[in-house]
Structures are given as structure tokens and as C-alpha cells.
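Step one of this worksheet: look at the structure below.
The values are calculated or read from the model by the stated rules, or taken from the named source; none is laboratory data. Keep in mind it's a predicted model, so treat the numbers as computed, not measured. Don't worry about glycine lacking a Cβ; one is built from the backbone with ideal geometry, like all the others, and counts go over all protein chains shown.
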Amino acid sequence: MLMIDAQVHAYERDHPGRPWAAVLTGPDEVTGDDMIAAMDAVGVRGALLVSAFTMYQYDASYAVSAQAAHPDRFAVIKPVDPTDAAVGGTIADWAAMDGTVAIRVFMNEGTSTDPDDPGINGVLAAAARHGLPVNLMCWGRLDQVAGLAANNPNTRLIIDHLGLQQPFDPPAPPTPFAGLADVLNLAKFENVAIKITGACTLSHEAFPYNDIWDPLGRIFDAFGFARCMWGTDWTRAVNLLTYEQGVTPFRLTDRLSDGDRADLMGGTLQKIYNWSPSEG
């Protein structure tokens, strides 16, 4: 089975040449080489390398350099700013680069809550023109995502991290799946897929996190495995579990058939992002 992680981060130490905007939970440095070593240790062949927004904001240059060093293992996703008047050109330039497969929008405090916001809808339209999926970091904004999905039926939207608030440090939230009904509501939009990234951080149990499977099963049933993609969200999860612990429960659970596991852990990602790592 070809395993591909739907979301990892890599970054270098804070330094004047590429200063951090803020501090992300995790080690002082996790280079592209470090991330490859962690993947190799557990048999993960490829990963989508998402530029670390907390540290680098809209500058994806480090992720680009890491991908260039490992073009057979990484593809890159860049955050874009929907309030930037030049964002259409940024998306066009990004789409033309080797190894780039998607863009990302952070629906945070600085982003409009209006599903008809022209900036966000302009980003989604531009992405569709260039054949790029749009990853949405949208905790607390799932109603808005429904409006965006309806407005942009030709844009592939991908919900990051189950669409649910996830912790940076233990413990997991008291009711981690309280918003599940809002997540399931998005399954009716055929252009919406979902990343099952960071799911183990929502568990109230020790490894192998058996209490996550009933709510995840409802997501799988609603979206189907053709729209679900596993991933670890490494290194955001570093204070809650090891990289191996983010992989192994999905590899070994008896709640997935072999075919569903193959789709969830890499097959669906290859189709949605039109990318595959070298099989080595």
C-alpha cells in the first residue's frame, strides 16, 4: 500500500534570513530531511508539505526549497491571502510551478465571515481556473464553508483537520466531536472533500486511540472514501503523539477494509491532488 500523508509541516530554525512571524508548537526545527526520516521509519512514501503559516505566513519559500530537495517525496501547498488585490496573480504563478498542488485559505479572525465575500470567492474561482484544489482551515466556520461550496461548485474544496478544533497540547477537548453534525452537513456538496488529519489528537484514550472510530465512521459513511484523506498534521501534533502513533492506528485497525484503507491512506489523495510520489 502506497501511504501518503495529507498534511505535514517542515521548517528551519528562526533566523534573520527567514524570520518566524510566531512560534508553532513543535521542535525548534523540523527540516525537510527530518520529515523524510520520520516518514521512512514507518513506511510513508510521500506527503503534502503545507507551508507553516504560523511561522512564515504567506511566504512558502522554505517549503518550496524542501520540495525541491525531495521532489519524489513532497508536493507543496501554499497559503494565500484573500484580501490581497494581487492574489489572482499569485495563484497563477503558484499553479505554474513544479511540485505545487493546491492553495490554502485560513478562515481566521482576519478573514471575512461572509460566504459571499468577494475576496474569498475570487480565490476559489481563480483556483478552479488553474485546476488547484483549495484547502480550508475553517474551525468554527463550517456554515460559511457550506455557502462557499454552493457558490463555487467547480472548485474542489478540502476541509482541513476534520473541520473540528484540535489541540496543540494535551488533553483533548472534553467533547471533541461536538461539531460533527456541521461537518456531516458538508458531505452533500460533491465538490467538498475532507482531510482526516490529526484525528488521533482528539482521542480521550491512550494509543491506539480506539474511541475515534465511531465518529470517524460517520464521516466515512457521509463522504465516502473517495473524498476522505488520512494525514498526521505533523508537527502540530508533536506534544500529543509520535509520528508513528499517528500512522499505526490507521494501518492496523480492523474498522477499515484493505481497499478502504488504501483509498484513505493515499489512493484518494492521488486523485484529488493529481499527484503521486515516486514509489522508490
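Of the residues GLN67, GLN7, the single one that is in contact with a Gly (Cβ under 6 Å, 6 or more places away or on another chain), under 19 Å from LYS195 (Cα atoms) and not hydrophobic (A, V, I, L, M, F, W, C) is GLN7.
Taking THR83, is it touching a strand residue (DSSP E or B) at 6+ places or on another chain (Cβ under 9 Å) and either part of a helix (DSSP H, G or I) or polar (S, T, N, Q) (or both)? Steps first, please.
Numbers: touching a strand residue (DSSP E or B) at 6+ places or on another chain (Cβ under 9 Å): no; either part of a helix (DSSP H, G or I) or polar (S, T, N, Q) (or both): yes.
No.
Residues of segment 237-280 that are of a type in the set (Ser, Thr, Tyr) and either touching an Asp or Glu at 6+ places or on another chain (Cβ under 8 Å) or part of a helix (DSSP H, G or I) (or both): TYR243, THR248, THR268, TYR273, SER278.
Checking the condition within 23 Å of VAL50 (Cβ to Cβ), over 15 Å from the mean Cα position of the chain (by Cα) and at pLDDT 95 or above, which residue from GLN166, GLN144 passes? Break it down into steps so the answer makes sense when it comes.
Values: GLN166 fails: over 15 Å from the mean Cα position of the chain (by Cα).
Step by step, each of GLN166, GLN144 is checked, and only GLN144 is within 23 Å of VAL50 (Cβ to Cβ), over 15 Å from the mean Cα position of the chain (by Cα) and at pLDDT 95 or above.
For segment 29-44, the condition of being assigned to a loop (DSSP other than H, G, I, E, B) and touching a Leu at 6+ places or on another chain (Cβ under 7 Å) holds for none of the residues.
Would you call VAL238 in contact (Cβ under 8 Å) with a residue 12 or more places away in the chain, out of contact with any helix residue (DSSP H, G or I) (no Cβ under 9 Å at 6 or more places or on another chain), surrounded by 14 or more Cβ atoms within 10 Å (Cβ to Cβ) and not basic (Lys, Arg)? Judged against the criteria, VAL238 is a match.
Taking the stated definitions as given, is VAL42 in contact (Cβ under 8 Å) with a residue 24 or more places away in the chain and within 25 Å of GLY163 (Cβ to Cβ)? Even if it seems obvious, please write down each step before you answer.
Values: in contact (Cβ under 8 Å) with a residue 24 or more places away in the chain: yes; within 25 Å of GLY163 (Cβ to Cβ): no.
In short, no.
Inside segment 217-231, residues that are in a helix (DSSP H, G or I) and in contact (Cβ under 8 Å) with a residue 24 or more places away in the chain make up a count of 9.
In the list ASP81, ASP28, which residue meets the criterion of being of a type in the set (D, E, K, R), farther than 22 Å from LEU2 by Cβ, surrounded by fewer than 20 Cβ atoms within 10 Å (Cβ to Cβ) and at pLDDT 95 or above? Every option except ASP81 fails the conditions. In segment 210-238, the qualifying residues are those that are modelled with pLDDT of 95 or more and closer than 20 Å to VAL8 by Cα, and the one that is farthest from the chain's Cα centre (by Cα) is ARG227.
May I ask you to list pairs of residues, at least six apart or on different chains, whose Cβ atoms are under 6 Å apart, with the first in segment 173-192 being free of Cβ contacts under 8 Å to residues at least 40 places away in the same chain and the second being surrounded by 18 or more Cβ atoms within 10 Å (Cβ to Cβ) and not in a helix (DSSP H, G or I)? Final answer for the pair search is GLY179/LEU164. Taking first residues from segment 21-38 that are within 12 Å of TYR243 (Cα to Cα) and in contact (Cβ under 8 Å) with a residue 40 or more places away in the chain and partners that are in a helix (DSSP H, G or I) and of a type in the set (Gly, Ala, Ser), the Cβ contacts under 9 Å between residues at least 6 apart in sequence or on separate chains come to MET35/ALA66.
Here's a check for you: in segment 86-101, which residue that is part of a loop (DSSP other than H, G, I, E, B) and touching a Pro at 6+ places or on another chain (Cβ under 8 Å) is farthest from LEU49 (Cα to Cα)? Reasoning before the result, please.
Just the residues of segment 86-101 that are part of a loop (DSSP other than H, G, I, E, B), to begin with: 86, 96-99.
Filter once more, keeping what is touching a Pro at 6+ places or on another chain (Cβ under 8 Å): 98-99.
On the way: ASP98: 14, GLY99: 10 Å.
Applying the filter and picking the extreme gives ASP98.
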